[in-house]
Amino acid sequence: MTTHSIRILSEKLMSAIQILNYTLVQKNLFYCEALNKEIKMSKGNFTLCLNDDVVLDKGFITEAIRGFLLDPKIGMVSGKILRSDGKTIDSTGLFLSLWRTTKESLSYAH
């Protein structure tokens, strides 16, 4: 995708969704560096981190926010991740262990 096409796409998205913020960079920051940079710059109550091939189900954001509202101690929610066939569960998310390391709650289920 060229810088010009990204700018056009961003302008179309901005006219449709007024809450979208983005940063256009001239070099590839790779996934983690880009996420960390954007999270640092975020100002909202919630931050949604997605890969470029993610397709969210209708109502995902509403359900995710509902998860946060269940308990003020909840700091991370995740949806069920399906493989490209749309049926096979890849993961149902991560949780933090007592040692603050992430653990898969379900991985590569069939």
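The values are calculated or read from the model by the stated rules, or taken from the named source; none is laboratory data. Remember, it's a predicted structure, so these values are computed and weren't measured experimentally. We place every Cβ from the backbone using ideal geometry, glycine too, and count neighbours over all the protein chains shown.
General remarks:
- Some residue of segment 15-28 being in a helix (DSSP H, G or I), more than 18 Å from Ser78 (Cβ to Cβ), of a type outside the set (Phe, Trp, Tyr) and at pLDDT below 85: yes
- Qualifying residue in segment 36-43 (condition: part of a loop (DSSP other than H, G, I, E, B), under 27 Å from Ser97 (Cα atoms) and free of Cβ contacts under 8 Å to residues at least 40 places away in the same chain): yes
- Residue list for segment 66-93, filter: in a loop (DSSP other than H, G, I, E, B) and either touching a residue at least 40 places away in the same chain (Cβ under 8 Å) or surrounded by 10 or more Cβ atoms within 10 Å (Cβ to Cβ) (or both): Ile74, Met76, Val77, Ser78, Gly79, Lys80, Arg83, Thr88, Thr92, Gly93
- Taken over segment 65-110, the residue count meeting the criterion of being at pLDDT 75 or above, in contact with a Phe, Trp or Tyr (Cβ under 7 Å, 6 or more places away or on another chain) and of a type in the set (D, E, K, R) is 1.
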